[in-house]
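One structure is given below, encoded as structure tokens.
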Amino acid sequence: MSNVLMTTTIFSEVLSLTDGVQVILPDDRIEGDFPVLWLLHGGCGNQNDWIENTKILLYAEANQIAVVMPHAGCSRYCNMVWGADYYDYLTGELPRIMKHLYPRLSTRREDNFIAGLSLGGSGAISLGMRNPDKYGAIGVLSASSIIPLEHLRQITSGAPLPPGGSGSMSVNMVNFGLEDTGDLKGNPEHDVLLNARQIIEEGKPAPKVFHAVGMEDHAYPVGIGLKEFFENFEGNPFRYEFHTEHGKHDWFFWDKWIEQFIAAALADRRQQHGTH
């Protein structure tokens, strides 16, 4: 294998803590800067999950891309009400630190993709829609916690466990200071649909959206709601594509579809920007 896995520990001033990041780097004999996939873990997971449960090292090598896998704990990839400012960390501080440590990571929008599984898929589309100038493509895998569509999921199905255990504040309360995320509809910090509409209304560059969810997954009803939303845009400005098959909320599904997302993101990059 010609790429390399770097286990990196950094101190974040934004988070006020030391945390780990897994980074895959391509063969340094390749010329130019590396395209970068920012790859997010699921609810209360960690930076090792993708490495331990998928063939992401092989997919990165085959496509000659870098992959940055941060740790975001039980955050919902936002600035938490009762916790740290993960949104500021992931979209601002972490990219600056990574560029300093690994100078060949590209900062061009068309070379940067963001994706995740489950709560990380929800985080990917949330961060991507708030920052269309930073990412050329977004991968949404098995995401059921998409604001304001969570009401489509059964309340007790697929909800992350409280970070402090039974009897502690819920993930929603820790992150947002409320239980019902329907109350966040219209909030530009959290409403994915609002931010997508604003991208089109304001003429901003629209990232590609690649979406996959299994038919037996608790995330499927939310997935259908998101599908209907994006398919209502005239001309498909987000180059949205939806994939489903018989599948559950598991690593068998995510391993297959992260490989497919990488291929789709790079194909879109070539089509949109003429890059190789």
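The values are calculated or read from the model by the stated rules, or taken from the named source; none is laboratory data. Please read all numbers here as calculations on a predicted model, not as lab measurements. Glycine also receives a Cβ, built like all others from the backbone with ideal geometry; neighbour counts cover every protein chain displayed. Note: accessible area is taken over every heavy atom of the protein model, side chains too, but ligands, DNA and RNA are not part of it. Shrake-Rupley method; radii C 1.70, N 1.55, O 1.52, S 1.80 Å.
Listed by first and then second residue, the pairs linking a residue in the range 256-267 that is farther than 17 Å from residue 206 by Cβ and open to solvent by 20 Å² or more (accessible area, probe 1.4 Å) to a residue that is hydroxyl-bearing (Ser, Thr, Tyr) and in a helix (DSSP H, G or I), with Cβ atoms under 9 Å apart and 6 or more places separating them unless they lie on different chains, are 259/59; 263/59. Restricting the range 17-44 to residues that are in contact with a Leu (Cβ under 8 Å, 6 or more places away or on another chain) and of a type in the set (Gly, Ala, Ser), the residue that is most open to solvent (accessible area, probe 1.4 Å) is 43. Scanning the range 98-112 for residues that are open to solvent by 10 Å² or more (accessible area, probe 1.4 Å) and either of a type in the set (Phe, Trp, Tyr) or more than 22 Å from residue 204 (Cα to Cα) (or both) turns up 99, 100, 101, 102, 103, 104. When 14, 4 are screened for being open to solvent by 40 Å² or more (accessible area, probe 1.4 Å), over 27 Å from residue 76 (Cβ atoms) and touching a strand residue (DSSP E or B) at 6+ places or on another chain (Cβ under 9 Å), only 4 passes. Residues of the range 9-35 that are in a loop (DSSP other than H, G, I, E, B), free of Cβ contacts under 8 Å to residues at least 60 places away in the same chain and within 24 Å of residue 54 (Cα to Cα): 26, 27. Taking the residues in the range 214-249 that are of a type in the set (D, E, K, R) and in contact (Cβ under 8 Å) with a residue 24 or more places away in the chain as candidates, determine which candidate is least open to solvent (accessible area, probe 1.4 Å). Per the stated criteria, the residue is 217.
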